[in-house]
Amino acid sequence: MKLLQNVGVILLALIFSADLFSQEINSKPPHLCGTPPDRDERLIYYQQNLGNYRFLTDDTLFIPLKIHILGKNDGTGYVSRTLVEESFCNLNEVFLHTGIQFFIKGDFNYIDNTDWYSHDSFSAGERMILSNNVPDALNSYFVDNAAGACGYYNTFVDGVVVANFCLDGIDQIWTHEIGHQFTLPHTFYGWEATIYNPDEPTPEQIMLFGQWVEVEKMDGSNCREAADGFCDTAPDYLSYPWICTADNPLGIFLTDPLGNMERVDGSNIMSYAFGPCRNSFSEEQTQAMRMNILLDRPDIVDPSIKFGPVESEVTIIHPAENEIVQYDEAYLKWESVPNATYYQVQLTSLPFFSNLLVDEVVRDTFLQLPQLVLENQHMVRIKPLSEFQPCNNFSNRRAFIASELSNTDLFPGIDFQMKIVNPTSLNRGVEIELKGLEESDLDNVELRLSDINGRMISQLNSQQYSGNKVHFETGGLSAGIYLITLITESGGMISERVILQ
Ligand SMILES: [Zn+2]
């Protein structure tokens, strides 16, 4: 019986969507949502239990979100990563007042499949979601054509799909679809197949997919039974996109079945207002979403996972401002920023950040720089980030000069040598010999094994070696060129290349 009902809903949804979008042929696709209208049984339960003390805590729930980026078969057409990250940060900003916050689970999942990238039908989208959803997370897909809509949520396979062209920084389509994912209907629920006409009397009930839905009255007398079932979302009859501005969320006058009139309010995310006024959920919607997470999606909540805000200021330890550094052995070292889990590092030899020599994301607080331009000033800047906050400002820039330095410049007072003892041994590890350093000097040095791009593989501190021989394990590495770098307490550094075969 459940299956038959589902099939019925799917068929109706398809008819509905075909009807909904036929008016937009040959024009830019509409800023519409393709989620089939539904008042979920779970939502009815939540609405009967609003105010239950268990869901009234102020604890922030951190929810993992898996992001899937669709491209064509040839690997082209992906939406810009930056745009997705900015939209993600906007999502968290809108959800902030609900105590629900998202973090990005793992890397973006890039999928090359032209049929899914541009799908006309919900069934193709459903196959995409079924094949790629990861468990213990909410899943969102970014495509070129989302079955003709700006976005939709597929309740049967639990996936949100967003059309790339709708990620424009104004539209809240992603936020809106995640609202659906947490069981929220439109504020105008019931009107999805009916265009409101202010010149005609408003009926007590309207027909939606063969079922009568009560029209919500202005006096709140039927708010729990009518429309979306929320008593703190104002009556809304507008199932077509309409424009609102940041300082005015109000639209046309609506007349309810009793003849009372109010202006429609577009500030709710689940309305069809299009514009910056649409930016919040109501208290009851918030409670329903939290109940959906805590009662019906316990797998996506891990109370031990917490994130905090990431500041943009970074303390760069090396190089110092205007320091002269060895052009082919320069490195960058900075203090870790609280709550940051990775950093974007940019390096240029120009007076502005263009034609970058480095534009890299690192999880470390150290980066070996590539060969610099001799006798040139360089500038570096760092952006601290996290899975929770993939948007931030860059730190203040740090300028330094690349030059050819002698060893004495690098290590004043120390006649220092680092010798690779067994340069070709992949399976026995690498042994290096340090000459010219007293054992006491080793107390405050760091030794790092990095790949040729400066990505650190392993690090030894002074507790891990004695004497003047140091051993690096190389098991698990592939053959290639690596760097061994020694950094002294005073910031001096020397690197040696080692070829592992
Ligand atoms: Zn919608």
Original post:
Of these, D115, D107, which one is away from the ligand (no atom under 16 Å from the Cβ), surrounded by fewer than 17 Cβ atoms within 10 Å (Cβ to Cβ) and either in the same structural domain as Y272 (by TED's automatic domain parsing) or not in a helix (DSSP H, G or I) (or both)?
Top reply: D107
Subject >> Filtered residues of region 275-320 (kept if in contact (Cβ under 8 Å) with a residue 40 or more places away in the chain, within 28 Å of P241 (Cβ to Cβ) and in contact with a Gly (Cβ under 8 Å, 6 or more places away or on another chain)) >> reply: G275, R278, F281, Q285, T286, Q287, M289
Original post:
When you scan region 148-162, how many residues do you find that are within 13 Å of the ligand (Cβ to nearest atom) and buried (at least 21 other Cβ atoms within 10 Å of the Cβ)?
Top reply: 9
Subject >> Subset of region 240-291 (residues that are of a type in the set (S, T, Y), under 17 Å from I178 (Cα atoms) and within 16 Å of the ligand (Cβ to nearest atom)) >> reply: S267, S271, Y272, S280, S282
Subject >> Test set (1) at pLDDT 75 or above; (2) at positive phi - G436 fails condition number >> reply: (1)
Original post:
Looking at region 178-236, which of the residues that are away from the ligand (no atom under 16 Å from the Cβ) and among the small types (G, A, S) is farthest from P249 (Cα to Cα)?
Top reply: G210
Original post:
Is at least one residue of region 72-85 surrounded by 19 or more Cβ atoms within 10 Å (Cβ to Cβ), part of a helix (DSSP H, G or I) and in contact (Cβ under 8 Å) with a residue 40 or more places away in the chain?
Top reply: yes
Subject >> Selected residue (criterion: nearest to the chain's Cα centre (by Cα)) from residues of region 108-126 that are at pLDDT 95 or above and among the acidic types (D, E) >> reply: D112
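The values are calculated or read from the model by the stated rules, or taken from the named source; none is laboratory data. As the structure is a computational prediction, the values presented were derived from the model and not from experiment. Cβ atoms come from the backbone with ideal geometry, glycine included; neighbour counts cover every protein chain shown.
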